[in-house]
Amino acid sequence: MPELPEVETVVRSLAPLAGRRIVSAEFRASRSLRGGDPQRMAERLAGRRIHTIRRYGKFILVSLSGGGYLLLHLGMTGRLSLGGKPGKHTHAIFTLDRGVLQFDDSRQFGAVEVHDQFPARIARLGPEPLEVPAEDFARHLRRHRTCVKALLLNQTFVRGVGNIYADEALFRAGIHPLAQTARLRTDRALRLHQALAEVLTEAITAGGSSISNYVDANGRQGLFQVSHRVYQRTGEPCVNCGTLIRRVLVGQRSSHYCGRCQKR
DNA sequence: ATCGGTACCTGCACGC
DNA sequence: TGCGTGCAGGTACCGA
């Protein structure tokens, strides 16, 4: 389901869990556990108190009393819910001293992991797009030899941008998804940084984009999908010029763009 | 060291 | 109704 704005919305909806104690945890063996032993994971969590819940890109990091971490990733279809009913795709159930947190994920591209140390997976990520200085963003962009859409999706470049917001930011910046990063002039790179910040900020305010089944931990949908200008609008007119929106594959991912407004 | 391509899963919408 | 196809917000891993 989720990119940065959706994960941010979920994390905010989980804020009331700070200070709660994990009475017990129950895991169902699945790909989401990444080979971790369900029994052992449950033992490591039982009795721990939730300290903070923070977002790193698309990851959710729960720090626990005693120094451990619970790391969550929603993948494409992951869902966290407070007090839901376990179903076919429930992979984890955390029983708290007050309430229950449940993790569901039909495609199992998400992750639930228990760590003793700050997870290396997170340490490897690039900066937050809403925190990286524009000049750094523009400079780093030019160091890569790839097309700009692929780079935006690269989590070691910036963390948290996915297919929706990459397309939306490129449209707002007037940059073609297949533009080569090494050849992007600084002013255009700065515009992209600005466009990315704007679209992410607006989407967070709207509670994310609810496409298919995304909801926050309280079951509330986001509203930002109505503001999409190119994403999944193939064949519809561009909001700026009326040209029909096109779709092209970039690194096996659908990319939506206006051939007139977005230049290579 | 960076890349592009592929694999991993299930569900849904669509055309026949 | 059923079946095959293509598509879907994700990351990891492979070889070039």
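Listing for the model above:
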| quantity | calculated |
| --- | --- |
| Top-ranked residue of region A:93-108 - restricted to ones that are within 16 Å of DNA strand B (Cβ to nearest atom) and touching a residue at least 40 places away in the same chain (Cβ under 8 Å), ranked as surrounded by the fewest Cβ atoms within 10 Å (Cβ to Cβ) | A:GLN108 |
| Residue match in region A:101-109 (condition: of a type in the set (Gly, Ala, Ser), more than 22 Å from A:LEU14 (Cα to Cα) and out of contact with any strand residue (DSSP E or B) (no Cβ under 6 Å at 6 or more places or on another chain)) | no |
| Filtered residues of region A:162-183 (kept if within 15 Å of DNA strand B (Cβ to nearest atom) and in a loop (DSSP other than H, G, I, E, B)) | A:GLY162, A:HIS176, A:PRO177, A:LEU178, A:ALA179 |
| So A:THR201, is it in contact with a helix residue (DSSP H, G or I) (Cβ under 6 Å, 6 or more places away or on another chain), surrounded by fewer than 16 Cβ atoms within 10 Å (Cβ to Cβ) and at pLDDT 95 or above | no |
| A:ARG188, sole failed condition from (1) surrounded by 14 or more Cβ atoms within 10 Å (Cβ to Cβ); (2) part of a helix (DSSP H, G or I); (3) in contact (Cβ under 8 Å) with a residue 24 or more places away in the chain; (4) out of contact with any Lys or Arg (no Cβ under 7 Å at 6 or more places or on another chain) | (3) |
| Within region A:204-217, tally of residues that are surrounded by 22 or more Cβ atoms within 10 Å (Cβ to Cβ) and either over 16 Å from A:LYS58 (Cα atoms) or polar (S, T, N, Q) (or both) | 1 |
| Test: A:ASP105 is at pLDDT below 95 and either out of contact with any His (no Cβ under 7 Å at 6 or more places or on another chain) or not assigned by TED's automatic domain parsing to the domain that holds A:ILE204 (or both) | no |
| Which numbered condition A:THR234 fails, given (1) under 25 Å from A:ASP105 (Cα atoms); (2) part of a loop (DSSP other than H, G, I, E, B); (3) hydroxyl-bearing (Ser, Thr, Tyr) | (1) |
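Matching residues to (1) within 16 Å of DNA strand C (Cβ to nearest atom); (2) of a type in the set (S, T, N, Q):
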position: A:SER32; (1), (2): yes, yes
position: A:ALA42; (1), (2): no, no
position: A:GLY57; (1), (2): yes, no
position: A:LEU74; (1), (2): yes, no
position: A:LEU82; (1), (2): no, no
position: A:GLY87; (1), (2): no, no
position: A:THR95; (1), (2): no, yes
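Residues are listed down the side, and each one gets a yes or a no for (1) within 15 Å of DNA strand B (Cβ to nearest atom); (2) assigned to a loop (DSSP other than H, G, I, E, B); (3) in contact with a helix residue (DSSP H, G or I) (Cβ under 8 Å, 6 or more places away or on another chain):
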| position | (1), (2), (3) |
| --- | --- |
| A:SER32 | yes, no, no |
| A:THR52 | no, no, no |
| A:GLY75 | yes, yes, yes |
| A:LEU125 | yes, yes, no |
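Rundown of residues vs (1) within 17 Å of A:GLY174 (Cβ to Cβ); (2) within 16 Å of DNA strand B (Cβ to nearest atom); (3) of a type in the set (Lys, Arg); (4) surrounded by fewer than 20 Cβ atoms within 10 Å (Cβ to Cβ), yes/no style:
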residue	(1), (2), (3), (4)
A:GLY219	no, no, no, yes
A:GLN225	no, yes, no, yes
A:ARG229	yes, no, yes, yes
A:THR243	yes, no, no, yes
A:GLY251	no, yes, no, yes
A:HIS256	yes, no, no, no
A:GLY259	yes, no, no, yes
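The values are calculated or read from the model by the stated rules, or taken from the named source; none is laboratory data. Only a predicted model underlies this, so the values are computations on that prediction, with no experimental measurement involved. As a convention, Cβ positions derive from the backbone with ideal geometry for all residues, glycine included, and neighbour counts pool all protein chains shown.
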